[in-house]
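The values are calculated or read from the model by the stated rules, or taken from the named source; none is laboratory data. Quick caveat: nothing in here was measured; it's all calculated off a predicted structure. In this analysis, Cβ positions are derived from the backbone assuming ideal geometry, glycine residues included, and neighbour counts consider all displayed protein chains.
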Ligand code: FEO
């Protein structure tokens with residue numbers, strides 16, 4: 001139990017040990033499931049619960065603080081890492097009502113079997129008084145589910161935006177004390193969770209603009225007591241601005257594609273372009289996702305396997321397509337032995353990218369002089385395209 005402001009406490013769980021979220025997302029630095037308790041002069045509210053694996057931590061934090069009554073449990077988001085302990089909390093605090101928007105209510109009934117009579121539904125902008133503290137509910141759709149909502153604690157100027165502005169980072173510090181470390185974790189989180197909803201993120205950033213915010217207390221990672229830091233980072237990531245960067249995710253079986261990737265990366269560096277290269281059979285997909293936040297161009301490298309792309313390259317294309325980065329240009333380099341539909345298959349996996357496809361470079365067997373010339377030409381074309389965007393030095 002740690003205090004954000006008088007009568008506003010963090011009561012959630014720090015998870016230092018977990019290394020995979022949703023059986024998909026690597027968590028190199030663990031995570032936290034933040035839950036907050038607000039004690040008003042008349043009523044007490046709990047904002048979100050914790051992942052069900054950590055319910056005992058939440059209940060023991062509440063017990064340690066002598067919380068005997070909870071009037072409202074605010075459910076900002078139905079995903080189980082925040083809602084999964086709701087049934088236990090409702091069992092223990094039999095008079096507590098769940099405060100949610102109608103969409104979230106439906107999802108909580110579907111996912112957790114919570115009875116309808118436990119709910120109070122709230123509209124966008126509606127307030128709820130705890131006595132000397134007032135909660136204002138702000139719908140923040142699609143960060144990153146359709147029902148996501150935040151709460152603004154008016155008197156203390158604290159925004160609780162749930163996953164929005166969060167970071168998968170387990171730390172014993174309540175507040176951000178290492179901005180560069182938190183920046184890295186928050187950007188990784190944005191790339192994996194929020195980037196597909198860039199347009200809605202910009203809408204939500206604009207919606208929050210009129211609020212005077214002193215503290216942002218998200219549902220993962222440390223609390224921001226200098227909120228401009230994370231708000232400005234989000235504005236940058238979600239903007240239309242791309243950087244003079246090329247992401248080169250590649251995989252190779254017998255060295256042909258690796259040779260091409262290595263030559264091509266050198267060619268880009270010689271032209272003053274920043275390159276982020278990832279070997280796909282060993283890649284941390286979070287790092288790859290982060291690199292997609294800013295890059296103007298992606299060039300996927302793949303050999304041909306059974307006529308199509310190597311499955312690792314297919315996975316990278318699937319991921320890029322799902323994450324919908326603001327990438328402007330895409331190309332493919334790679335190799336084949338006797339026949340290939342690798343380029344057609346890979347490009348067909350990228351319909352969500354609003355990017356121009358630049359002429360791929362595919363070699364038969366090990367790359368030769370004419371292939372290196374073609375790679376130089378592709379590097380020249382990328383430089384020219386980046387110049388056209390005005391993003392080169
Ligand atoms: Fe942290 Fe979307 O749950």
Which numbered condition residue 108 fails, given (1) surrounded by fewer than 17 Cβ atoms within 10 Å (Cβ to Cβ); (2) within 16 Å of the ligand (Cβ to nearest atom)
(1)
What is the number of the single condition among (1) more than 25 Å from residue 364 (Cβ to Cβ); (2) surrounded by fewer than 19 Cβ atoms within 10 Å (Cβ to Cβ) that residue 191 does not meet?
(2)
Based on this model, can you work out whether residue 90 counts as assigned to a helix (DSSP H, G or I), within 16 Å of the ligand (Cβ to nearest atom) and in the same structural domain as residue 36 (by TED's automatic domain parsing)?
no
Residue 58 passes all but one of (1) within 13 Å of the ligand (Cβ to nearest atom); (2) touching a strand residue (DSSP E or B) at 6+ places or on another chain (Cβ under 7 Å); (3) assigned to a helix (DSSP H, G or I); which number fails?
(1)
Identify all residues within the range 178-221 that are in a loop (DSSP other than H, G, I, E, B), at pLDDT 95 or above and more than 15 Å from the ligand (Cβ to nearest atom); write none if there are none.
209, 210, 211, 212, 213, 214
Scan of the range 70-86 for residues that are outside any loop (DSSP other than H, G, I, E, B), within 15 Å of the ligand (Cβ to nearest atom) and in contact with a helix residue (DSSP H, G or I) (Cβ under 8 Å, 6 or more places away or on another chain), ordered by number
80, 83, 86
Which numbered condition trips up residue 97, out of (1) within 16 Å of the ligand (Cβ to nearest atom); (2) touching a helix residue (DSSP H, G or I) at 6+ places or on another chain (Cβ under 9 Å)?
(1)
Candidates 29, 51, 81, filtered to the one that is in contact (Cβ under 8 Å) with a residue 12 or more places away in the chain, within 18 Å of the chain's Cα centre (by Cα) and farther than 25 Å from residue 111 by Cα:
29
Condition check: assigned to a loop (DSSP other than H, G, I, E, B), more than 16 Å from residue 119 (Cβ to Cβ), within 16 Å of the ligand (Cβ to nearest atom) and in contact with a strand residue (DSSP E or B) (Cβ under 8 Å, 6 or more places away or on another chain). Does residue 67 satisfy that?
no
I'd like the residue in the range 37-49 that is away from the ligand (no atom under 14 Å from the Cβ) and outside any loop (DSSP other than H, G, I, E, B) and, out of all such residues, is surrounded by the most Cβ atoms within 10 Å (Cβ to Cβ).
46
Here are some conditions: (1) surrounded by fewer than 22 Cβ atoms within 10 Å (Cβ to Cβ); (2) within 23 Å of residue 27 (Cβ to Cβ); (3) more than 12 Å from the ligand (Cβ to nearest atom). Residue 156 meets all but one. Which one does it not meet?
(2)
Going residue by residue through the range 118-137, is there one that turns out to be assigned to a loop (DSSP other than H, G, I, E, B), under 27 Å from residue 195 (Cα atoms) and out of contact with any strand residue (DSSP E or B) (no Cβ under 9 Å at 6 or more places or on another chain)?
no
Looking only at the range 1-27, and only at residues there that are out of contact with any strand residue (DSSP E or B) (no Cβ under 8 Å at 6 or more places or on another chain) and on the phi > 0 side of the Ramachandran plot, the one that is surrounded by the fewest Cβ atoms within 10 Å (Cβ to Cβ)
23
